[in-house]
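Engineer: One structure, as structure tokens, below. Some questions next.
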Amino acid sequence: MIRILLVDDQELICQCLRAMLNLESDLEVVGVANNGKAAIQQVAALQPDVILMDIRMPVMDGREATRVICQQFPDAKILVVSTFDEDDYITHSIRAGAKGYLLKDMPVEELAQAIRLVYRGYSQMGPGLMEKMLYGMLNDTSEERPELAELTPREVEVLNLIGTGCTNREIAQQLYIAEGTVKSHVTHILNRLNLRNRAQIAIYANSVKQAC
């Protein structure tokens, strides 16, 4: 059973999501918070598997709540579900540690599947949002990438393959190395580029390609 925390200041949306998601045999909404500050408290108390996070909320917005939660609970899996698709919101949410960004007008069946995939470690982006996110990243990033010099040639290969969406197993098969070795390379990439998660590696890899 995947335990879910809903974070949204609109009570009707929370009630609807709770009712629809609880119909899924493997999903359970275990708590609701109406702002980011309350969400942090709920995460500490409930230890949910996946957090559905809104962006615009009173007291503390979703971006700041995501940043704090990911710092205090490194294993937290946050999936932003918002009405707003501005590249600034998307970019800052992923940078804060969110595993994905979806829009509220998506079918509930697709949301349920996205929750399952995020729970399993995959990143999820709504249609067209990856392009917006990369645009935001490119605007905030200088053309020079001196940090790339910190990576070994093999780590650069792994970085590029993550940018294409390859899993660790697929990377291992393409580079003829053990899957455990790939995991070690991913850890080194995160540390050397000061990134938080695999989604950020993918963003970084694609932003480098776009800038070239």
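Engineer: Quick check on segment 80-100. Is at least one of its residues of a type in the set (Val, Ile, Thr), over 13 Å from the mean Cα position of the chain (by Cα) and over 26 Å from Tyr204 (Cβ atoms)?
Structural biologist: Checked segment 80-100: at least one residue is of a type in the set (Val, Ile, Thr), over 13 Å from the mean Cα position of the chain (by Cα) and over 26 Å from Tyr204 (Cβ atoms).
Engineer: Let me ask something else. Evaluate the following for Leu159: is it of a type outside the set (S, T, N, Q) and free of Cβ contacts under 8 Å to residues at least 24 places away in the same chain?
Structural biologist: Considered against the rule, which asks whether it is of a type outside the set (S, T, N, Q) and free of Cβ contacts under 8 Å to residues at least 24 places away in the same chain, Leu159 comes out as no.
Engineer: Test Phe73 against the stated conditions and say whether it is within 20 Å of Ala33 (Cα to Cα) and modelled with pLDDT under 90. First the steps, then the outcome.
Structural biologist: Working: within 20 Å of Ala33 (Cα to Cα): yes; modelled with pLDDT under 90: no.
Answer is no for this residue.
Engineer: Further question: For Ala76, which of the numbered conditions (1) assigned to a loop (DSSP other than H, G, I, E, B); (2) over 19 Å from Leu21 (Cβ atoms); (3) touching a Gly at 6+ places or on another chain (Cβ under 8 Å); (4) without any contact (Cβ under 8 Å) to a residue 40 or more places away in the chain fails to hold?
Structural biologist: (2)
Engineer: Also: Among Asp9, Asp26, which is out of contact with any Cys (no Cβ under 9 Å at 6 or more places or on another chain), under 21 Å from Asp75 (Cβ atoms) and not basic (Lys, Arg)?
Structural biologist: Asp26
Engineer: If you don't mind, there's one more thing I want to ask. Restricting attention to segment 148-178, and to residues there that are loosely packed, with under 14 Cβ neighbours inside 10 Å and under 23 Å from the mean Cα position of the chain (by Cα), which single residue is farthest from Val208 (Cα to Cα)?
Structural biologist: So the residue we want is Arg169.
Engineer: Quick one: would you say Thr66 is hydroxyl-bearing (Ser, Thr, Tyr) and surrounded by 22 or more Cβ atoms within 10 Å (Cβ to Cβ)?
Structural biologist: Working: hydroxyl-bearing (Ser, Thr, Tyr): yes; surrounded by 22 or more Cβ atoms within 10 Å (Cβ to Cβ): yes.
In short, yes.
The values are calculated or read from the model by the stated rules, or taken from the named source; none is laboratory data. Values in this document were obtained by computation on a predicted structure and should not be read as measured data. Positions of Cβ are backbone-derived with ideal geometry, glycine not excepted, and every protein chain shown enters the neighbour counts.
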